[in-house]
Amino acid sequence: MVRFLIKRILTAVLTLTAVSIVAFLMFFALPADPVTGMCPKNCNTERLERVRDELGLNDPKPEQYVNYMKGIFVGRDLGSAQGGQCDAPCLGYSYVNSEAVSDTFARVLPVTLSIVIPAAVIWLVLGVGLGMVSALRKGTVLDRLSVGFSLTGASLQLYFVGAVLQLVFVYTLHILPTPGYTSIFDDPLKWASGLVLAWWSLAFLFSAIYTRLSRAQMLETLSEDFVRTARAKGLAKGKVYGRHALRAAITPMVTIAGLDLGSALGGTVITETTFGIRGLGRTAVDAVRLGDLPTIMATVLISAFFIVLANIVVDLLYAAIDPRVRLG
Amino acid sequence: MPGATKGGTFTILRETQISHLDPQRVYSFAGLMAAPLYARYLTTWKDDGKGKLTLVGDLAETPGTNVNNDCKVWEFKIKDGLKFEDGRPITSKEIAYGIARSFNPDLTGGPTYIQEWLADTAQYDTAWNFKANKGSLPPGLTTPDDKTLRFEFKKAHCDLPFAASLPATAPLPPDKDTGVNVDNQPFASGPYKITKLTPGVEVVLERNDQWDPKTDPVRHQYPDKFVWSFGTTPDAQANRMIADNGPDQSAVAFNTVPASLISRVLGDAALKSRSLLSPTPSANRLTINTQRVTDLKVRQALNYAIDRDGLIKALGGEAVASPLTTLLPPATLGYEKSDVYPAGPNGNPDKAKELLGGKEVPLVLAVRDDDLNQRLGTQLKNNLEKAGFKITVKTTPADSYLDDVKSKNNAWDIYLDSWAADWPSGAAVLPVLFDGRGIKAAGNSNTSYMNNDAINAEFDRVLAMDPAAQAPEWAKLDKKIMEEVAPAVPLYVDVSFNLYGSKAGGLFIESIFGNVSFVNAYAKQ
Amino acid sequence: MSLSPIDEAALTEGPQAPGDAVPEAAAKEFVGRSPGQLAWARLRRDRTAMISGVTVVLFLVIALAAPLIERLYGVGPYQQFQGQLDGAGMPLGYAGGISGEHWFGLEPQLGRDIFIRLVYGIRTSLLIAFVAAVITAGTGVVLGVVAGYLGGWVDAVIGWIIDFTLALPYLIFALAVVPTAALRFYGPRDNPPDWFKMTVIIGIFAAFGWTATARLVRGQVISLREREFVEAARASGAGLLHMAFRQLLPNIWAPILVSFSLALPAYITSEAALSFLGVGMVDPTPDFGAMIFKSIDFMQTDPAYLFFPGVAIFVLVFAFNLFGDALRDALDPKSSR
């Protein structure tokens, strides 16, 4: 177990390093020059060149990369134009937002987590619930309805569903406020009412997979010997389904849930754009548009971190749920 | 303000945050509209909201004295009773320090007129090193006493009173200068002070009790609080204003109504009564690169060919853009309407073909790669090809577009360009855009790259005149440039179309930058 | 919206051990019908499969016949009818300007015909999705077979590359790469043709979309690796190519086909999502995603503009998904039904 964990973490570090190098090479080769964006009307080349020098943008690329990584682990001095000393984990200074990138992320990360985590809970419960129901009532109208519902969800576009939901609930019926983010610690009710549409639209689209999967798994499990044995031994229906069948059916779903969660955290771009909420995704898109390199780098690294983390957690959970899986 | 009531919270919705709040760095439209709430300048514009503008003293008693009548020496007398938010008096020293710190190369983003005029070079930050001379003032700037600020330039700069109306002349005590961090906590001299600032989320301004209304010609202190709230898309802003619920009733959408919702607002009298609709001084033109398109006939043919009506439809209609046939926008002092190439609202393709002499002229049109500009590219291509041109639409990344257009040797023939002058004088438009003597390798505002000796001489002649006498001359020069050079096709001016809630009052579109002004704003109680 | 262009989950759901099901079922049949024929027979009996299949074919025909449709309809995808717009750029008349001349009405602002743009839009979207699906399936199969069959360090390296690819946020890369790709290949005065923009988008999908197929195939190959017929072939000295194409692939084509059919709608959706972020196909090229993205803004003022492209993309993706599901059932009789 411990050996497995160490091995897993080492690969993860390797992956993250590779991601950081690739991202650095790609984005720092962009044609956009962060410096020209800093003076809108009357800039002259000599002055720009000096600013570029001061920001270290003229240093060799490997040196820039090393400085950047050093900042993350031990912090570094960015010079007076970029707010001076930047403590670890220093993700650089955004020329566009005129603040340290870590401050930006301290602000936008809770937003994205507030969208994704509740949505994931809804889509798992909804998806698995519908799947189980349709497996247990196989061939009935209920089965068809839930399969149809899940396929419809899988075939719709988030921005379409989101726009329709907003039009109906916010702008026509006035039941909900305009989607937006309030901290859960400030006002939990406002937090929920501002995000509920985003949760449900994400859940509607994502749950489809779980419905189909849990239905298939459940059907297969139900036909297996140990379930029949348990039934024959006289165990109550609820207990058999609850304890044995569900447990077996849920295992493969953990894998997918982990991956989905990781990728959803890394890129809620479309959800955030649709609902006009400013989280990790929107920040990333704007950063790319405006050539805000330090913010782009940080977004790539943070989302990669989440995906890698989710993978490790999935492996561990897998072992916890399914005793047949041996780690090592 | 008749009918204005005190109290309440006034909310301003905007999509993105304001790029800089530090007065020495403010230059974006939102910043220019926000700054008067917390900062005061040497001079400022009194705007009646109907287009009538008067330049008045703000911190200064008058908009400056032209000491020798040669525009080289200027003096400003500072008013009595001015205070910072902590009660300290504002003197000429703090105003001078504010100007001095705009030489700091770390503080990018702000206007550079006064620095360049004082240093008499575009390399002003090497001519006078702020960081090495913190205790002193840049060359030419002096404070003979606490109540006097004096500028001495090497060359004549008759526009100084105008340039002094930008937020960069706001005062700051040296001990409050935290470099780039002033952006997060500007030190207030205006009627409000910043009490809470969450980057990307909101800026909260509350009353500054040290501000004395008797000293201020334009600002008021009606609401208890102003809140700039960021992160709402223009669509959501418009929808919230339409819904008019709760706190949104005393709010305004700072971004203009998106084109897709315009017909809804215009079609509803109740909504229309809660909107501001006004053309702005932002003039958009199809710039012709005269280095590449050397034939005057081709440039004239472009002017005859343009279908302004169709272009405005593609933009979203009359509530987005208003047609323009001159290089100067109508908001310029002394503006005179003219149309050198009359071709009707849809253009005259036959006249254009005639000028082209039956040849098919290939041109490369560069547009940004965003949705709107790609649409305009499609529109212009179809439009101009009807008049005998062969257009290649070259889409190019939006973030590098301006850098490319401003480079002398750019590869394109025509491109979309716009100019919003910093003050409503022809002097801030025509010489900036069409004087060819200052053309550099990059960073040009003269994107037509025209360099015409006769026209250059005209610029010199008019610029040397008394500022009041210049106005009609600029209008004549506008016509002359269009007739003799035709370096661009004037297209349209932007129209501001903003919705506000039923309890918001005192709003108007100010005439310098064409955005919603808050100096008179109040929340109805 | 998942970051990966095709959803991992859609694929893992494939038949668990096709080696078990299909060949044995075939072997028991004396008539000598191939597994393919069996599956086809099952598919023919499935009403949903047939309806969705016909719908898919219909869309394919429309896409292929677009120029012919244009000629019959008499209006081109780039033609503007701004004379039929009002002062705010909105179509005159009812329901977005629907008329005998413009069956689905006109676009606001530019005033182009929606019907003919939709027809060409289907062509663009299907082409991108199809080529991307073929490439990712190919890459995924090759890498999956290699990793699964050779095992050891090869497997470890490919596994790591998969993890690495999954960890890269693909949308951010798409945002950065698409606008700049043209700068590298075309001069400042040439606008890249449509096929180049399509190639870039397909390239993005190809770079990020192969992981799911690779994982699936690797798993399948591992389960086959130790079986007698594979061991027999190996003992008789068969090379890697022979093993891959003659022994392994024939036994796992069913899940690959299913994953391919489900990847198609996933790519259509992803391409639309790229347009939504402004990096998909752009004006003036007619494209599904771009049409929907633009029309959403007009939901309140011109619902007809949203209705037609919205319904068309939904029907297309829904039909593909239904058909993919039915295909899986037909290929693997043991699953769900």
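The values are calculated or read from the model by the stated rules, or taken from the named source; none is laboratory data. Quick caveat: nothing in here was measured; it's all calculated off a predicted structure. For neighbour counting, all protein chains shown are included, and Cβ atoms are generated from backbone atoms with ideal geometry for every residue, glycine included. Keep in mind that these areas ignore ligands, DNA and RNA; they rest on the heavy atoms of the full protein, side chains included. Shrake-Rupley method; radii C 1.70, N 1.55, O 1.52, S 1.80 Å.
Normalised by 2.2 N^0.38 Å, where N is the number of residues, the alpha-carbon radius of gyration of chain B equals 0.99. Once the partner protein chains are put back, segment A:172-187 shows a loss of at least 10 square angstrom of accessible area, versus the chain by itself, at A:His174, A:Thr178 (probe 1.4 Å, ligands and nucleic acids excluded).
Expressed as a whole percentage, what fraction of the accessible surface of chain B belongs to carbon and sulfur atoms when a 1.4 Å probe is rolled over the protein heavy atoms?
Roughly 50 percent of what the probe reaches on chain B is carbon or sulfur.
Which positions within segment B:358-393 get 20 Å² or more of their accessible surface covered by the other protein chains, compared to the chain by itself, with a 1.4 angstrom probe? Checking the loss per residue gives B:Val364, B:Asp369, B:Asp371, B:Gln374, B:Arg375, B:Thr378, B:Gln379, B:Asn382, B:Thr392, B:Val393.
Each chain gives up part of its surface: A and C jointly bury about 4500 Å² of accessible area, both sides summed, for a 1.4 Å probe. Counting protein heavy atoms only, segment C:47-336 has 69 percent of its accessible area on carbon and sulfur, 1.4 angstrom probe. At the listed q of 0.15 Å⁻¹, the Debye profile of segment C:47-336, built from one uniform point per Cα, gives log10 I(q)/I(0) equal to -1.17.
Can you flag which of B:Lys93/B:Lys147; B:Lys381/B:Lys408; B:Lys50/B:Lys503; B:Lys408/B:Lys440; B:Lys83/B:Lys134; B:Lys297/B:Lys390 are past 18 Å Cα-Cα? Result: B:Lys381/B:Lys408; B:Lys50/B:Lys503; B:Lys83/B:Lys134 exceed 18 Å.
Estimated purely from DSSP H runs of n ≥ 4, each contributing -39500 (n - 2.57), the mean residue ellipticity at 222 nm for the protein assembly as shown is -16000 deg cm²/dmol once divided by its residues. Name the residues of segment B:430-463 whose amide N is less than 13 Å from a point 7 angstrom out from the Cα of B:Asn409 along the C-beta direction? Output list for this probe position: B:441-442.
Taking every Cα-Cα distance in the protein assembly as shown and sorting them into 10 Å bins starting at zero, the pair-distance distribution P(r) comes out as 2, 9, 17, 21, 20, 14, 9, 5, 3, 1, 0, 0 percent. Applying 1/(1 + (r/R0)^6) with R0 = 60 Å to the Cβ-Cβ distance of A:Gln85 and B:Arg437, what FRET efficiency is obtained, to the nearest 0.05? E(calc), rounded to 0.05, equals 0.85. With R₀ fixed at 56 Å, the C-beta to C-beta distance from A:Leu25 to B:Lys50 puts the FRET efficiency at about 0.50. P(r) for segment C:190-262, from all Cα pairs and a bin width of 5 Å, is 3, 13, 18, 17, 13, 11, 8, 7, 5, 3, 1, 1 %, short bins first. Within 10 Å of the Cβ of each residue in C:176-184, the mean number of Cβ atoms contributed by other protein chains is 5.
Phi angles across segment B:410-420 convert, under the Karplus curve 6.51 cos²θ - 1.76 cosθ + 1.60 with θ = phi - 60°, into 3J(HN,Hα) values of 5, 8, 10, 8, 9, 7, 8, 8, 9, 9, 10 Hz, Gly and Pro given as x. With the simple spin-label model, which puts each label point 7 Å out from Cα in the Cβ direction, the B:Lys196 to B:Asn69 separation comes to 5.7 nm. Rolling a 1.4 angstrom probe over the protein heavy atoms with all chains in place gives chain C an accessible area of 40 Å² per residue. Remark: mean inter-chain Cβ contacts per residue of B:26-36 equal 0, using a 10 Å Cβ-Cβ cutoff to other protein chain atoms.
Inter-chain Cβ neighbour count for A:278-284, averaged per residue, equals 4 (cutoff 10 Å, partner chain atoms only).
Quick one: divide the alpha-carbon radius of gyration of segment B:159-251 by 2.2 N^0.38 Å and tell me what you get. The partial results should precede the final answer.
On the way: Rg = 16.4 Å, N = 93, 2.2 N^0.38 = 12.3 Å.
Here the answer is 1.33, to two decimals.
With R₀ set to 56 Å, the beta-carbon distance separating C:Met50 from B:Ser418 gives a calculated FRET efficiency near 0.45.
Fraction of C-alpha pairs exceeding 16 angstrom in segment B:152-202: 58 percent, rounded to a whole number. Backbone geometry of segment B:43-58 corresponds, through the Karplus equation with coefficients 6.51, -1.76 and 1.60 at θ = phi - 60°, to 3J(HN,Hα) couplings of 10, 7, 9, 9, 10, 7, x, 10, x, 8, 10, 9, 7, 10, x, 10 Hz, x marking Gly and Pro.
In this simple spin-label model, placing a label point 7 Å from the Cα along the Cα-to-Cβ direction at both C:Glu231 and B:Asp212 gives a separation of 10.1 nm. Highest average first, the peptides C:213-223, B:360-370 ordered by how many other beta carbon atoms sit within 10 Å of their residues are C:213-223, B:360-370. Derived value for segment A:156-200: Kirkwood hydrodynamic radius 10.8 Å. Basis is the mean of 1/r over every pair of different alpha-carbon atoms.
Identify the GluC sites (Glu not before Pro) of segment C:214-284 meeting these criteria: DSSP loop state and at most 13 other C-beta atoms within 10 Å of the C-beta. Each step should come with its number before you reach the end.
Numbers: sites: C:Glu226, C:Glu228, C:Glu231, C:Glu271; in loops: C:Glu226.
Counting only loop positions with at most 13 other Cβ atoms within 10 Å, the GluC sites (Glu not before Pro) in segment C:214-284 are C:Glu226.
Among the chymotrypsin sites (Phe, Trp or Tyr not before Pro) found in segment C:42-148, those both in a DSSP coil and sparsely packed, with 13 or fewer other Cβ atoms within 10 Å of their Cβ, are C:Tyr94. Accessible area buried by the pairing of B and C, both sides summed with a 1.4 Å probe, works out to roughly 2600 Å². Rolling a 1.4 Å probe over the protein heavy atoms gives chain B an accessible area of 35 Å² per residue. Tell me the accessible surface of B:Lys386 in square angstrom (1.4 angstrom probe, heavy atoms of protein chains only), to the nearest ten. About 130 Å², rounded to the nearest 10.
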